[in-house]
Amino acid sequence: MRSAKRRDWYDEIYDTYVSMHLRGDEANIVEWTPFGRNSIDITFRDGSVFRYNYFRNSITRLDIAINDIKTMAEQMREMFPHKISKALLDAGCSQKELAHGIGATECTVSHYCSGKRLPNLITISIMAKFLNCDLYELIPYYDPKDNRIK
């Protein structure tokens, strides 16, 4: 019984999306699947995937967002070793001292410095505190003035 009610709810979300955003024309929709409590993922014939949230009345294009996240992760993986190496040099600290100071193994810090692994945000903030530098000095960020990652 509960799943039938849930299915009716998702049907209502779908119907609302089609009527409000597609004006009833659902010919280009290949499929839709429930996501969370109040959203559905909609796949179109051209391969694009959108997530529609009923209560926020918001639409997010997932196939583009996923590619953006992958691109940012690749840029982070490329930039972080340079940033951590510069911070180590500025602090006059070795990888071994950093590892001891943040409670990690030397191998882990070596992987961070070579780009084989990326630390999580908490680890980066601990590193920044240990190296006595600002967090933004370790995390690559987008500079809209230059239109590039720094």
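The values are calculated or read from the model by the stated rules, or taken from the named source; none is laboratory data. All values reported here derive from a predicted model rather than from experimental measurement. All Cβ positions, glycine included, derive from the backbone under ideal geometry; neighbour counts span all protein chains shown. In case anyone asks, the SASA skips ligands and DNA or RNA and just uses the protein heavy atoms, side chains included. Shrake-Rupley method; radii C 1.70, N 1.55, O 1.52, S 1.80 Å.
Counting Lys and Arg as +1 and Asp and Glu as -1, what is the net charge of the other residues whose Cβ lies under 14 Å from the Cβ of CYS133?
Summing Lys/Arg as +1 and Asp/Glu as -1 gives 0.
Tally Lys and Arg at +1 and Asp and Glu at -1 over the other residues with C-beta under 13 Å from the C-beta of ILE102: what net charge comes out?
On the way: positive: LYS96, LYS129; negative: GLU97, GLU106.
Summing Lys/Arg as +1 and Asp/Glu as -1 gives 0.
With a 1.4 Å probe and every protein chain left in place, work out the accessible area per residue of the chain in Å², rounded to a whole number.
68 Å²
Which entry in [x] 15.0; [y] 17.0; [z] 18.9 matches Kirkwood radius over Cα pairs in Å derived from the coordinates of this structure?
Evaluating Kirkwood radius over Cα pairs in Å on these atoms matches [z].
If you scale each eigenvalue of the Cα gyration tensor by 5 and take the root, what three semi-axes come out for region 30-90, rounded to whole angstrom and sorted largest first?
That gives 37, 14, 7 Å for the three semi-axes.
Let me have the relative contact order for region 40-115, percent, based on Cα pairs under 8 Å that are six or more residues apart.
Worked out over region 40-115, it gives 20 percent.
Please give the net charge around ASP15, taking every other residue with its beta carbon less than 12 angstrom from that of ASP15, where Lys and Arg add +1 and Asp and Glu add -1. Walk me through the numbers on the way to the answer.
Numbers: positive: none; negative: ASP8, ASP11, GLU12, GLU26.
With Lys, Arg at +1 and Asp, Glu at -1, the neighbours total -4.
For the pair ILE64 and TYR141, what calculated FRET efficiency results from E = 1/(1 + (r/R0)^6), where r is the Cβ-Cβ distance and R0 = 22 Å, to the nearest 0.05?
According to the calculation, E is roughly 0.60.
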